[in-house]
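Readers should treat all values here as calculations from the given coordinates under stated rules, not as data from a laboratory. Source: prediction; values computed, not measured. Quick reminder, even Gly has a Cβ in these numbers, built from the backbone with ideal geometry, and neighbours come from all protein chains shown.
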Amino acid sequence: MSQSPGADATPVDPNALDRETMVVAAVVIIGAVMSILDTTIVNVAIDRLAIDFNASLTTIQWVVTGYTLSLAAVIPASGWAADRFGTKRIYLFSLAFFMLGSALCAVAWSADSLIAFRVLQGIGGGMIMPAVMTIMTKKAGPHRMGRVMGILGVPMLIAPIVGPILGGWLVDDVSWRWIFLINIPIGVVGIVLAWLKLDRDQPEPSHRLDWVGMALLSPGLTLAIFGLAESANGGFGDLKAWAPIVVGLTLIATFFWHSWHKSEGALIDIRTFTQTRAGAAAGTFLLFAIAFFGALLLVPLYYQTVRGASALESGLLLAPQGIGAMITMPLAGKLTDRFGPNRLPACGIPLLVIGIAPFAFVTDHTSYVLLCSFSFVLGLGMGLAMMPTMTAAMQAVPAAAIARTSTAMNIIRQGGASIGTAILSVILASEITSHLGSAGSGGLESLQSMSPAQQASASSGLAASFASTFVWALVLLAIAFIPALYMALGKWKTTDAPSPDQVHVVLE
């Protein structure tokens, strides 16, 4: 009996990513990795930078905060810039500007010059990911958004793991300057490949920027994050902390009022978050970002200050977390395209709670095997929770609101990370003072004046301080399960699926 040609051929998955799409993904992921890697690679070099520049930890922390502030400032304009000038042009410009900032950082001669150059670097870095997400979403189409998120979410979760390892090796065995110099050859490769492989631009100059919203939101975010960063140094009672926070939150609240009353073209349409599951997704994501990214700063600090690990060793101890995320993230992308993203965060967040639980009881001799095992579970939860939550928000709204919704989710991620870092740093400083008395009155900075013998004798109290701080991250993650469960079980009205040419995703 004869069979028709192709009768036994394997059916083609309509949601599978074709070769051309995968090539584009491989090209733009170079920029994504560079941008996100630099938000974490510097963390393990803070102590070394403070020593080399003879600066306090309070001052040198602005090497991280300055980069974060510049990212937050450019986020709201990124979608408009991509539409106005074209995503390929914006991507190439962002890579070039990021490389320029990296080169300047590598030749910095003082703490102040390094902080200034990090701000310039952050302007380029802040525009890279929005262009990457727009390029990929247009290329793959909305019906494959889950798998696109699965691919592009990898640098978001893996960079915080690879960053400390790479940074630790460079700081310990080469030079901290190579933390920035390494971006130059990678960036050159990224620019050449992008020039050759990315589609020609099709700008939409008719798209208008909501200038009023921009004038309210960007300064509001910048001031709020600045105040939160200052609170990590002197507490929320310091004028330099609460005054910018109050002004920033006032501007953000005014932006909400402006967005609610603007008939069309608002930078972010707040009303979409009250009418769809995007609101539940935003609530889940905010709590996740505060708890997870705040804890992400504390874990390597615990390994280095309490356990005496080197920068490289503390980075390697974070590797199981990245391995766990690598396992579940591609799976989450496939499940999202097949069944939708609504239920996945409710499955991932319990794993996050389990994974972080041992850190809430950590001591100065807790088994590394135990901590690494639970870090692996934490990574599994990250892969199931983070990108499906983003996807759930963007798939919940009408096509015309996708860009503004994804911009909002990006702001939530960056803002949540800044809030979490600041709040947990304030709590940690308070706990150190509580456990160490006058010897710990300066928070982590008090360790700089201690001899190795004094640090060793204080390790038990310092570990208890970290444990008490991790409890707050654990509680926030547990609370995040409430909106995640609501998102999974709630009845939501359906919106029309966007067509590929209507989708402009803007994520950091």
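Per-residue 3J(HN,Hα) values for segment 252-257, derived from phi via the Karplus relation 6.51 cos²θ - 1.76 cosθ + 1.60 with θ = phi - 60°, read 5, 4, 5, 4, 4, 4 Hz in sequence order (x marks Gly and Pro).
The gain in end-to-end length when the residue 109 to residue 200 segment is fully stretched comes to 28.7 nm, 0.36 nm per residue minus the alpha carbon separation.
If we sort 164-170, 129-135 on the protection proxy, mean other Cβ atoms within 10 Å, highest first, what's the order?
So the peptides 164-170, 129-135, ranked by packing, come out 129-135, 164-170.
Spin-label pair residue 369-residue 274: with each label point 7 Å from Cα along the Cα-Cβ axis, the two points sit 5.6 nm from one another. Backbone phi angles across segment 116-126, fed through the Karplus curve with coefficients 6.51, -1.76 and 1.60 (θ = phi - 60°), yield HN-Hα couplings of 4, 5, 5, 4, 4, 4, x, 4, x, x, x Hz in residue order; Gly and Pro are listed as x. Each residue of segment 279-326 gets 70 Å³ once the volume of the Cα convex hull is shared out per residue.
Put in line by how crowded their Cβ is, counting other Cβ atoms within 10 Å and starting with the fewest, 276, 433, 405 read 433, 276, 405.
Here the Karplus relation 6.51 cos²θ - 1.76 cosθ + 1.60, evaluated at θ = phi - 60°, turns the backbone of segment 92-101 into coupling constants of 5, 4, 5, 4, 5, 5, 5, 5, 4, x Hz, with x for every Gly and Pro. The alpha-carbon atoms of segment 226-371, seen along their principal axes, cover 57, 51, 24 angstrom, with the largest extent given first.
Judged by the mean number of other Cβ atoms found within 10 Å, the most tightly packed of the peptides 212-222, 25-35, 375-385 leads the ranking 375-385, 25-35, 212-222.
Here the label points at residue 250 and residue 310, each 7 Å from Cα along the C-beta direction, are separated by 5.1 nm in the simple model. Among 338-351, 288-301, the peptide with the highest mean count of other Cβ atoms within 10 Å heads the list, and the full ranking is 288-301, 338-351.
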